[in-house]
Amino acid sequence: MNDDDVGALTDRMDINDLCARYAMCLSRHLLDEIVSLFTPDGVYHAFGEEYSMEVLPDLIAAAPRGQLIVNTPLIELDGDQASGSQNYAFIAQQTHEMRLAWYDDVYVRTEEGWRFASRATTFLRRSGGFDSGDAHDPVRPRVE
C-alpha cells in the first residue's frame with residue numbers, strides 16, 4: 001500500500017467517524033456538538049429550506065427525539081473535498097414510529113478535520129416516492 005492509498009483510507013475513516021458522530025450526537029440531543037461537525041458556513045437542507053448553523057439547533061430541538069441508525073457512507077474523495085451519501089432510519093423515542101431516509105453530503109477538510117459543508121435529507125415515503133420533507137410542518141423554525 002502506498003502513501004496515497006493510506007491517505008485515502010485515513011480520509012474515508014475520518015469521514016465515516018464524522019457521520020457516526022453526527023448520528024450519536026443527534027440521538028443524544030447534543031445540539032452544540034452537532035453544529036461543531038459542520039463548517040461555520042455549513043448548511044443543512046430539508047423541508048425545502050436551507051438551514052444555517054445559527055438555525056440548526058432550533059430545527060433539531062423542534063424535532064422528535066429518538067435513535068438515528070445509519071449505515072456506512074458511500075464516499076467520493078476529491079482532494080480536500082468529498083461527497084457522500086448515507087442511508088438511515090430514525091426511530092422516534094416515544095412512539096417508536098420509524099422514518100427512512102438518506103443524506104447527501106459535501107465534506108471539506110479543515111484544520112479541525114473533516115466537516116460537513118452541506119448535509120441534505122431525502123425521506124422515503126410509504127407510497128414509494130421520496131422528497132425533502134413536509135414544507136408546512138408547523139413546529140419547525142422558518143428560514144427568513
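Filter the range 50-69 down to the residues that are aliphatic (A, V, I, L, M) and in a strand (DSSP E or B) and list them by number.
LEU68, ILE69
Out of (1) touching a residue at least 40 places away in the same chain (Cβ under 8 Å); (2) of a type in the set (A, V, I, L, M); (3) out of contact with any strand residue (DSSP E or B) (no Cβ under 8 Å at 6 or more places or on another chain); (4) surrounded by 13 or more Cβ atoms within 10 Å (Cβ to Cβ), the odd one out for LEU30 is which?
The one condition LEU30 does not meet is (1).
Would you say MET13 is loosely packed, with under 14 Cβ neighbours inside 10 Å and of a type in the set (A, V, I, L, M)?
Considered against the rule, which asks whether it is loosely packed, with under 14 Cβ neighbours inside 10 Å and of a type in the set (A, V, I, L, M), MET13 comes out as yes.
Would you please name the residue that is farthest from PHE47 (Cα to Cα), looking only at residues in the range 69-103 that are hydroxyl-bearing (Ser, Thr, Tyr) and surrounded by 15 or more Cβ atoms within 10 Å (Cβ to Cβ)?
Applying the filter and picking the extreme gives SER83.
Of (1) assigned to a strand (DSSP E or B); (2) without any contact (Cβ under 8 Å) to a residue 60 or more places away in the chain; (3) touching a helix residue (DSSP H, G or I) at 6+ places or on another chain (Cβ under 9 Å), THR72 satisfies all except one. Which?
For THR72, the failing item is (1).
Which members of the range 8-26 meet the condition of being under 26 Å from ALA62 (Cα atoms) and aliphatic (A, V, I, L, M)?
LEU18, ALA20, ALA23, MET24, LEU26
Among VAL35, VAL43, which is the only one that is touching a residue at least 40 places away in the same chain (Cβ under 8 Å) and closer than 21 Å to VAL108 by Cα?
Of VAL35, VAL43, the one residue that is touching a residue at least 40 places away in the same chain (Cβ under 8 Å) and closer than 21 Å to VAL108 by Cα is VAL43.
Part of a strand (DSSP E or B), surrounded by 14 or more Cβ atoms within 10 Å (Cβ to Cβ), at pLDDT 95 or above and of a type in the set (D, E, K, R), is that true of ASP41?
In short, no.
The values are calculated or read from the model by the stated rules, or taken from the named source; none is laboratory data. Predicted model, so just to flag it, every value in this text is computed and none were measured. Cβ: placed from backbone, ideal geometry, glycine included. Neighbour counts: every protein chain shown.
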